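What follows is calculated from the coordinates using simple rules that are stated; it is not laboratory data. Just so it is clear, the model here is predicted, and its values are computed rather than measured. Positions of Cβ are backbone-derived with ideal geometry, glycine not excepted, and every protein chain shown enters the neighbour counts.
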Amino acid sequence: MRRLASSLCITLLITAMHAALGGCGDDDSYVSGEPESSLLYVAEGNRLRRFDIDTIKNPPLLDDILIERASLDPDGRDINGQICLVPDGSGRFIAGEDTGQPHPPAGWGVFEPDGTQVGKLTATYFVAGPEPRGCAFDPDGNLFTTEVGEQGFFVPPSGQLILWYPPFDQFPGPPDEYPNTDEESTNFCKIATDISTAGAVAVDSQGRVYVASSSGRSIYRFSPPFPKGPDGARGCGSADDLGSPMADVVNRETFVSGQGLYSTFSGLAFAPNGNLYASSVLTGRIFEFDTDGNLVRMILDPPGWILRILPPPLPIATGAPQDLAVGRDGTVYYADLNLVGRLPDVGPGQNGKVWQLRFDESGDPLVPEIIKEDLAFPDGVGVLPGDLEG
C-alpha cells in the first residue's frame, strides 16, 4: 500500500516508520480481577479490524472488519495509525483517515462506535503526502495527534505535534460541503513542527505528552501548560512557516535518547504502574522506562543480536512492533509490520501480524503469542470497550 510503504524510509541507512485505553496512561484505567469486555482495534491494509479480547484469551477467536478500505467498499474509509477512545462516554473514537488524499487532505477521522464517520480533523502539513500517525487525549479532554512529516535521517525534520479542541464531530469547510473541499480545520494549535519522523503519542495522568521520534531515535516529553484555544488570547498567537496557529510557549525535553543506533522508537503505551513502554520497530524490542526516562527492562528483546550491537536479522521471530496498546489487565498488544530485507533495503513483508504479550504472576513477560497473521502492514492498535460475543 502506498501510504504504509512510504513510511518505511527503505532507501536510507536505517529504517524509520510509520495506547492504552484512550491513550491517557491513567492508572485508574487498569483494574484487578476479570476485566470488562474490551475490543482490540487494529489498523491494517487501510481497513479497521476488531478482535474480541475475551476470545483472544479463550478461543475460538471472534473478529470482524468494522471499516473496510475505500478501494473495496464505496462507503469505506482508509484508516491508519493509533486508535483512541474519545473520553466523553459516547463510545466514539479517533483514527488516522486519508481517504482520497490529497483531495481532501489527510487528517484524523471521528467515528461512532458502529464505524460511521461524524467528523474530520484536518491540519496543514509540510509534506505532499502527510501521514496521520498518533493520537491521545489529555485529562481535560483535549486531543493530541502526531503527523509523521518528512521521513528519514538526512532530511529536515518536519513531523508535527498538534493539539485539538472540541467539538470534534465536525468537518472542515462550509457546512455539508465535505469531502468536496480541501479546507483545513480551525480548532487546532501546533505544539511542534520539527520532530524527526514523528510516531506514536501518549499522555500521562499529569497531562504530559510523549512523542516517539523514529529517525531522531528519541522520545520527547511536552509538559503543561498548553494553549487553551487556537488564538493569541489563549496562548496560540505564534505561527509556523505555513501561517498556521502555533503555541507561544512550549515546555519540551528529551525524555529518552541514546538507546542505540538502531533504536527507532515508534509505539508508546503506559504500563499499569505508570511506566512507559516504547517499541523499536527495526530491532523488535519493547523497552520499559520509568517516569524519569531510566531504562527499567526490556519486556521484549528478541534473540539474534550480534554482540548486542547489530540488530537481529529480518524478519524477526517475535515481530517488528510498530504500535502498542495495553489492555485493562496489563496485557501488551502490538502491531507487527513483519519487516524483511537487509539494510538499507528494508520493507514490510507479506505476513503482518498482531500479537499479545502477557505477564506471569511475578510480573515477568511471557513468550509473545500471535493473535492474527497474514495482515497487510498493520500499523496501529487501540483497546476500546466493546463485545463481539452475542
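Applying the criteria of a DSSP loop state and at most 11 other Cβ atoms within 10 Å to the trypsin sites (Lys or Arg not before Pro) of segment 253-350 yields R308. Counting other Cβ atoms within 10 Å as a rough exposure proxy, the listed residues E361, E389, E36, E288 run E361, E389, E36, E288 from fewest neighbours to most.
Each peptide in 375-382, 237-244, 77-84 gets a packing score, the mean of other Cβ atoms within 10 Å over its residues, and the list from highest to lowest is 77-84, 375-382, 237-244. For segment 155-167, backbone phi angles converted through the Karplus equation (6.51, -1.76, 1.60; θ = phi - 60°) give residue-by-residue couplings of 10, x, x, 9, x, 10, 10, 10, 9, 10, 10, x, x Hz, Gly and Pro being listed as x. Note: relative contact order over segment 48-206, using C-alpha pairs below 8 Å and six or more positions apart, is 18 percent.
A Förster radius of 30 Å combined with the Cβ-Cβ distance from S71 to T181 puts the calculated FRET efficiency at roughly 0.85. Couplings for segment 330-336, taken from phi via the Karplus curve 6.51 cos²θ - 1.76 cosθ + 1.60 with θ = phi - 60°, read x, 5, 9, 10, 9, 8, 10 Hz in order; Gly and Pro are left as x.
Would you mind calculating the relative contact order of segment 281-360 from Cα pairs under 8 angstrom and at least 6 residues apart, reporting the percent as a whole number?
Details: 141 pairs, mean separation 17.6, N = 80.
Relative contact order, segment 281-360: 22 percent.
Only helical runs count toward this figure. For the chain, summing -39,500 (n - 2.57) over DSSP H runs of n ≥ 4 and dividing by all residues gives -500 deg cm²/dmol at 222 nm. Working note: Karplus 6.51/-1.76/1.60 with θ = phi - 60° gives segment 343-350 the couplings 4, x, 9, 10, x, x, x, 8 Hz, where Gly and Pro are set to x. Computed on segment 91-181, with alpha-carbon pairs under 8 angstrom and 6+ residues apart, the relative contact order is 24 percent.
Indicate the gyration tensor shape class of the chain (rounded, prolate or oblate), computed on the Cα atoms with a ≥ b ≥ c the square roots of the eigenvalues: a/c under 1.5 is rounded; otherwise a/b larger than b/c is prolate and the rest oblate. In terms of gyration-tensor shape, rounded. Counting neighbouring beta carbons within 10 Å and listing from fewest to most, the residues K228, K372, K353 come out as K228, K372, K353.
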